[in-house]
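See structure below.
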Amino acid sequence: MAIHSGAPRRATLDDAERPKLDQLRQALAPLRDEPGTTLEALYAAQDIFSYVPPEAVTLIAKELRLPESEVFGVLTFYSMFHRKPAAAYVLRVCRDLSCHLTGAPQVLHAFNQALGARVGEVTEDGLFETESVSCLGLCDLQPALMVNLEQHGPMTADKARALLDDLRARGAR
């Protein structure tokens, strides 16, 4: 992988996940000749793998005819992309000032207490992971959070616990 030049090549995907690269290649086909489709390509990879492995970065760069470093830069810039296997439900709580002042720390604390996990940890059942993130652009919903790409707010600690119950009832996506 070019972004890791000089480092030994290590495959991160196990043999069972390798066929997903063909699935990603098919998803990228309509994007090949369209400029500005890096985000769409990364979303496709994350939908297929639940995260964006290095092999997907390499494939996206090749298929979209972009430098691998450019794809990697987009991947690492946006907080909604994962570079390691993610939980079924990623709970992103906004930590910016307006959300902080309206109760975001209490919401995050309620999640972590109910889940028995810290920020950034995946629960043992693989269902949940919490993140404290910069502005979600949902100031009208403060304190705001996103569950994967689903918007929620205004939130309270009680609403956070109820949301967890609802998500548990849905099960893994």
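The values are calculated or read from the model by the stated rules, or taken from the named source; none is laboratory data. These figures come from a predicted structure and were not determined experimentally. Backbone-built Cβ (ideal geometry, glycine too); neighbour counts: all protein chains shown.
Here are the numbers for this structure:
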quantity	calculated
Some residue of region 134-156 being over 14 Å from the mean Cα position of the chain (by Cα) and over 15 Å from C99 (Cβ atoms)	no
Where a residue in region 7-30 is at pLDDT below 90 and its partner, wherever it lies, is surrounded by 10 or more Cβ atoms within 10 Å (Cβ to Cβ), with Cβ under 6 Å and at least six apart	T12/P53; T12/P54; L13/P53; L13/E55
Conditions (1) outside the structural domain of L59 (by TED's automatic domain parsing); (2) touching a helix residue (DSSP H, G or I) at 6+ places or on another chain (Cβ under 6 Å): number failed by F72	(1)
Any hit, region 79-92, residues being in a helix (DSSP H, G or I) and touching a residue at least 40 places away in the same chain (Cβ under 8 Å)	no
